[in-house]
Amino acid sequence: MERKDILSLSFEELSGVIEEMGEKKFRAKQIFSWLHCKKVSDFSQMTDISLSLRTKLGEKYCINSLKIVRRLESKRDNTLKYLCELEDGNHIECVLMEYHHGNSICISTQVGCKMGCTFCASTIAGYRRDLTAGEMLSQVYRIEDNSHRHIDSIVLMGIGEPLDNFDNTCRFLDNISDARGRGMSLRHVSVSTCGIVPRIRELAEKKYGITLSVSLHCPDNEGRSRIMPVNRRYDIDELMKACREYTDATGRRISFEYAVMNGVNDSREDAKKLYGLLKGFMCHVNLIPVNEVKETEYKADRHSVEVFAKMLSDYGLNVTVRRTLGADIDAACGQLRREYEI
Ligand code: SAH
C-alpha cells in the first residue's frame with residue numbers, strides 16, 4: 001500500500017487518525033507541532049512519541065521530504081534557486097529571495113502547467129500533475145532548513161497555476177496558517193492566478209487574508225487572448241467582475257501583474273486602456289520587465305518599462321516596477337521549469 005503524506009492532513013484529520021489508532025488526543029498536537037514547527041523529516045525524530053505510535057504512523061504515512069537535487073546562487077542578489085525531486089521522480093523548482101523586509105520563497109503548485117501563456121517557460125513542457133499540500137509545505141520547510149534563512153513570506157508564483165489545483169492550495173493555506181503548527185499569518189502569503197474566474201469567486205468565499213495577484217499582462221481581449229489562452233475561456237470583462245467581487249468580499253486590494261513586453265503591451269494606447277479598466281478600483285499594478293525565455297522572442301528594457309510606469313502613474317494608478325531577482329540563474333518570474341539540463 002502506498003503511504004499517504006502526513007503533512008497534507010489538517011489538524012482535525014490528524015486528530016481523527018490518532019484517535020483511531022487508540023491514542024490520546026493530545027498526541028495529535030505534539031505530532032502536528034513536530035511536523036509544522038520543528039519540521040522533522042522522519043518519524044524517528046519525534047522523541048516524545050512512543051516507538052509503537054511512531055511505527056504505526058510510519059506504516060501508513062510518510063513525511064513528504066522532497067529531495068534537493070541542485071542549488072544555484074545568484075552572484076548578483078543572493079537569490080537561491082532550488083531544483084527539487086519529488087517522491088515519484090518528477091522535478092520542480094523554487095526560489096528563495098532576499099528583500100529588505102525579509103526572505104520570501106516562491107513555491108510551485110503543479111508539475112508543469114497547462115495554461116499555455118506564450119511568454120512563460122513553465123508551460124513549455126506541458127502539465128504532469130498537481131502537487132499535494134504536503135509537497136507545497138515541504139518546499140517551504142526543506143528550503144528553510146537548507147538555506148538557514150528564516151522564511152517570512154511565501155508567494156505561490158512558481159511553476160503551475162494555483163487555482164487549477166484549488167483544493168490542495170487551500171489545504172496548504174489552512175495548514176501553514178494553523179496556530180497549532182507554524183501559524184503563519186496569511187498576510188504574508190500571495191497567491192497568483194492567470195484568471196480562472198470561478199475559482200477566484202470560490203477563493204473569495206474563503207476570506208483568507210492573502211494577497212491575490214492577478215496576471216493581467218494586456219488590457220484588451222484580442223491581445224490578451226493571443227498571449228494568454230485562458231482569456232479565450234474567461235475574458236477581461238468576466239475577470240474584472242470577479243476581481244471586484246473578490247475585493248468586495250474580502251476587503252483586500254488586488255495586485256495586477258503586468259509583464260511589460262516591447263511592442264506587445266507597452267504603448268500609450270495600452271496604458272490608456274489599462275487605466276480604463278482599473279480606474280476607481282482598489283488595486284495595485286505591478287510591472288515586471290518580461291524575463292527572457294530562450295524559446296520566445298519577448299523583450300523589455302528598463303527604459304521602456306519606466307516610461308510605461310510613468311504613463312500609468314500620471315493617470316493616478318498605484319504602480320510599482322518589480323525588481324528582477326535571480327535572472328543570472330534563470331530564477332526570475334516565468335523562468336522556472338520542470339525539465340532541466342544538468
Ligand atoms: N500561474 C500563475 C502563477 C505562476 S507565474 C499566474 O499565471 O499568475 C507568476 C507570475 O510570473 C505571473 O504573473 C506570470 O504571468 C509571470 N510571468 C510568467 N512568465 C514571465 C516572464 N517571462 N517574464 C515576467 N513574468 C512572467
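Annotations
- Residues being part of a helix (DSSP H, G or I) and more than 21 Å from residue 319 (Cβ to Cβ) - total across region 210-240: 10
- Unique match (being surrounded by fewer than 17 Cβ atoms within 10 Å (Cβ to Cβ), at pLDDT below 95 and within 26 Å of residue 189 (Cα to Cα)) among 280, 251: 280
- Failed item in (1) part of a loop (DSSP other than H, G, I, E, B); (2) over 26 Å from residue 11 (Cβ atoms); (3) within 16 Å of the ligand (Cβ to nearest atom); (4) of a type outside the set (Val, Ile, Thr), with residue 160 passing the rest: (2)
- Verdict on residue 295 being surrounded by fewer than 17 Cβ atoms within 10 Å (Cβ to Cβ), in a loop (DSSP other than H, G, I, E, B) and in contact with a helix residue (DSSP H, G or I) (Cβ under 8 Å, 6 or more places away or on another chain): yes
- Selection count where residues are modelled with pLDDT under 95, touching a strand residue (DSSP E or B) at 6+ places or on another chain (Cβ under 9 Å) and in a loop (DSSP other than H, G, I, E, B), scope region 98-120: 1
- Of all the residues in region 279-305, those that are of a type in the set (A, V, I, L, M, F, W, C) and away from the ligand (no atom under 16 Å from the Cβ) number 2.
- Unique residue being within 16 Å of the ligand (Cβ to nearest atom) and either outside any loop (DSSP other than H, G, I, E, B) or of a type in the set (Asp, Glu) (or both) when the list is 95, 140: 95
The values are calculated or read from the model by the stated rules, or taken from the named source; none is laboratory data. The structure displayed is predicted, hence computed values, not measured ones. As a convention, Cβ positions derive from the backbone with ideal geometry for all residues, glycine included, and neighbour counts pool all protein chains shown.
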